[in-house]
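Okay, structure first, notes after.
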Amino acid sequence: MKHILLKVALCAAIMFISTGANALGKDFKKLAKIEGVEHVHVGKFLLNLAAKNGGNVDFGENMSFVAKSGDILDKIDSIDVFTSEDKNSIEQLSQQARKILNGNGWEPLIDATDEDGQKSKIYQKQHGKHTTIVIFAEEEDEASLVVIDGKLDMAKMMEQMSNEN
């Protein structure tokens, strides 16, 4: 039963995406207050359960972590997903995300636009040993922002993702 509950909770958090030590500060929390924006928070306890049960955690089609105890999933403290399919909310979410991520110590890692017009951006910010990674994907009819917080090593994350593909 725990395993099924865990899968349901992780799927609920992940299905919303198309593609200081408290990194999810008040700026990101404000995104959840935008009308039409849905917010899902997955905390350390649930992530630890996934790691212990050896399940996979998928973020859309292009990003996946294999949950193994002692691996990258153990290093993640929280995952927050903000998503919207409402045109006005998408615009507000995009504007607020750009305000948060422009400057203020955020390092842009990827800024891409695909042939269908989907824009994808990945940013990183370090706070001592803590790292926050933000993945922002925007299309005409949907926008998603994922905030991953923990003691993360981006090189190890990329290596693990490439080993899975």
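Each value in this text was obtained by applying a stated rule to the coordinates, not by laboratory testing. Predicted model, so just to flag it, every value in this text is computed and none were measured. When we count neighbours, we look across all protein chains shown, and the Cβ atoms used for this are built from the backbone with ideal geometry, even at glycine.
Key figures
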item	result
Positive minus negative residues near Asp77 (Lys, Arg vs Asp, Glu; Cβ under 12 Å)	+1
Long-range HN-HN contacts of Leu152 with modeled amide H, under 5 Å	Thr131
Calculated from backbone phi, Karplus (6.51, -1.76, 1.60) coupling profile of segment 78-86 in Hz, x at Gly/Pro	7, 10, 10, 10, 10, 8, 8, 10, 8
Extended-chain gain in nm, criterion 0.36 nm per residue less alpha-carbon gap, Lys129 and Gln95	9.3 nm
